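The values are calculated or read from the model by the stated rules, or taken from the named source; none is laboratory data. None of these values were measured; they are calculated from a predicted model. Here the Cβ is made from the backbone with ideal geometry for all residues, glycine too, and neighbour counts use every protein chain on show. When the accessible area is computed, the model is the full protein with side chains, heavy atoms only, and any ligands, DNA or RNA have been set aside. Shrake-Rupley method; radii C 1.70, N 1.55, O 1.52, S 1.80 Å.
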Amino acid sequence: MKYYPNIIKAYWYKAMKPFVKYILLLSLPILLMACGPSSDDVSKQVLASMQEKFDTDANLKQFHLTAKSAQFVKQEGNQFKGIVKVQSKDGIHDISVTATADGKNVVWEAPSDAFSFLAIEQLNQSLQQLQNLFQGMIK
């Protein structure tokens, strides 16, 4: 029996070609998902950015807010959705946040009513001051 390496090699390539295509097609989504920033990276960047906003924004600075933790899930492409736990004087609040990340920068956005608990805190503080004032007048 004569050995024909080129024929065997050609047959092997022909037999394996569909499998190679399937392996490449199945691994492509995994490779594409690995290219962007991870959920943990986005969480860390949003926490830092949010804390900086709390510390520097004139409207928020007075409330002494702290961004405690964040957990994000990748949506489509470079979009992420998550929850950031924010500590205020009255407790910890869950803030729904969407983020867009390009690998270097992250832009985050919270719904307009996400910080409505601050209005309640401010109202409670004002009521407490009024109550103290009236108690001082009665004595």
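Couple of notes before you dig in:
- One residue stands out among those in the range 111-139 that are open to solvent by less than 60 Å² (accessible area, probe 1.4 Å) and of a type in the set (A, V, I, L, M): the one that is farthest from residue 37 (Cα to Cα), which is 118.
- When we screen 58, 67 for residues that are surrounded by 13 or more Cβ atoms within 10 Å (Cβ to Cβ) and either touching a helix residue (DSSP H, G or I) at 6+ places or on another chain (Cβ under 7 Å) or not acidic (Asp, Glu) (or both), the only hit is 67.
- So residue 110, is it modelled with pLDDT of 95 or more and among the aliphatic types (A, V, I, L, M): yes
- Residue count, the range 76-110 (criterion: out of contact with any Pro (no Cβ under 7 Å at 6 or more places or on another chain), within 20 Å of residue 63 (Cα to Cα) and open to solvent by less than 60 Å² (accessible area, probe 1.4 Å)): 8
- Index of the failed condition, residue 94 passing every other in (1) touching a residue at least 12 places away in the same chain (Cβ under 8 Å); (2) closer than 20 Å to residue 112 by Cβ; (3) part of a strand (DSSP E or B): (1)
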